[in-house]
């Protein structure tokens, strides 16, 4: 009896192929046909799962977000709000091959979204959810000297910016971690 | 007598054509031939000024950096270190059409640099100069509760990240300014 096809797994296989291509060549050159070739499947199979390139990109974006959260939770049993925030944001920074690849894709994705408003609207909800999560942690930590929403927005922007700088080789990985820790000290106080 | 050709002006004309194309279509599709067509000149003329696409991109990057500094100095007579920093960083954020275009190009440029190490090395010096400038202002302001170098790196990353978020429409312009002001308050104290 043939094994039941795991559609989620298939989609992830294709999204991973998209990510490898995006990291190597940028997203603009990527087509459903290229992804099929990279994944070693037919173009028809790709089209069965994703009608358009944008649909596939949105799926890949969500997949990366989920993986960041999963790794963050696996890495540290949530203790203080500050530790939860640090653990999460370290999973966002491009500090190993997996995260470098993810950052490449996120960056290519954002550059693509900047010229494609239809894609941009897909990003708003996960970005707002992430800011909301960080703001809650600041509230839990009793960081009364800052506006939690604005501080959360700034913290997320800082990590996005550090990722950009590490990826484009303007800034070293360990310096990025030090800059993140300096910001956490400003927001949460010294650990 | 024919007017002497202003080579600097010509280069800027071509770099501006590159920027319009990069903003509309992304940098990967841009070639010397496309830039020539956009600028309304021959491909040979473009090649006279720039041997390669990368050379033209590096020139455009430096040009944008210079323009940001010029606008920042024109916008406000330098008063307190905090005001100098705020004025400069507001010129980096994508708050009008000119700055949106610049942010598009910078973002496309960084995404390109992320997959092209030869370009990335060109970015290191201006990025370090900008961090150094911000660190000096923090020292001048006597912000003794932070490490100036790390706080400067964080501040620059925060503005890069906010630019990314505004451009990809995850975050509104006025929210980005508020997040920047919140960070300045953390670093310099309330105004």
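The values are calculated or read from the model by the stated rules, or taken from the named source; none is laboratory data. Remember, predicted model here, so these are calculated numbers, not experimental data. Methodologically, a virtual Cβ is constructed for each residue, glycine included, from the backbone with ideal geometry; neighbour enumeration extends over all protein chains shown.
The condition of being over 11 Å from the mean Cα position of the chain (by Cα) and closer than 23 Å to residue B:27 by Cβ holds for only one of B:106, B:57, that being B:57. With respect to the conditions (1) within 11 Å of chain A (Cβ to nearest Cβ); (2) in contact with a helix residue (DSSP H, G or I) (Cβ under 6 Å, 6 or more places away or on another chain); (3) in a helix (DSSP H, G or I), residue B:24 lacks only one, and its number is (2). Counting only helices (runs of 4 or more DSSP H) that sit completely within the range B:28-130, those holding 3 or more residues that are buried (at least 19 other Cβ atoms within 10 Å of the Cβ) and either without any contact (Cβ under 8 Å) to a residue 12 or more places away in the chain or touching a helix residue (DSSP H, G or I) at 6+ places or on another chain (Cβ under 7 Å) (or both) correspond to B:32-39, B:53-75, B:81-92, B:97-114.
Looking only at residues that are over 15 Å from residue B:154 (Cα atoms) and more than 7 Å from chain B (Cβ to nearest Cβ) in the range A:157-191, which one is surrounded by the most Cβ atoms within 10 Å (Cβ to Cβ)? Only one residue fits best here, namely A:188.
Here residue A:154 clears all of (1) at the interface with chain B (Cβ under 8 Å from one of its Cβ atoms); (2) touching a helix residue (DSSP H, G or I) at 6+ places or on another chain (Cβ under 8 Å); (3) surrounded by fewer than 20 Cβ atoms within 10 Å (Cβ to Cβ) except the condition numbered (3). If residue A:149 meets every condition in (1) assigned to a helix (DSSP H, G or I); (2) modelled with pLDDT of 90 or more; (3) within 7 Å of chain B (Cβ to nearest Cβ) apart from one, which number is that one? Condition (3) is where residue A:149 drops out.
Take the range A:107-120 and flag every residue that is over 18 Å from residue B:161 (Cα atoms) and facing chain B (nearest Cβ under 7 Å). Walk me through how you get there before you give the answer.
Residues of the range A:107-120 that are over 18 Å from residue B:161 (Cα atoms), as a first pass: A:116-119.
Answer for the range A:107-120, where residues must be over 18 Å from residue B:161 (Cα atoms) and facing chain B (nearest Cβ under 7 Å): just A:117.
Filtering the range A:131-145 to residues that are facing chain B (nearest Cβ under 10 Å) and surrounded by fewer than 18 Cβ atoms within 10 Å (Cβ to Cβ) leaves only A:145.
Residues of the range B:174-188 include none that is under 18 Å from residue A:169 (Cβ atoms) and out of contact with any strand residue (DSSP E or B) (no Cβ under 7 Å at 6 or more places or on another chain).
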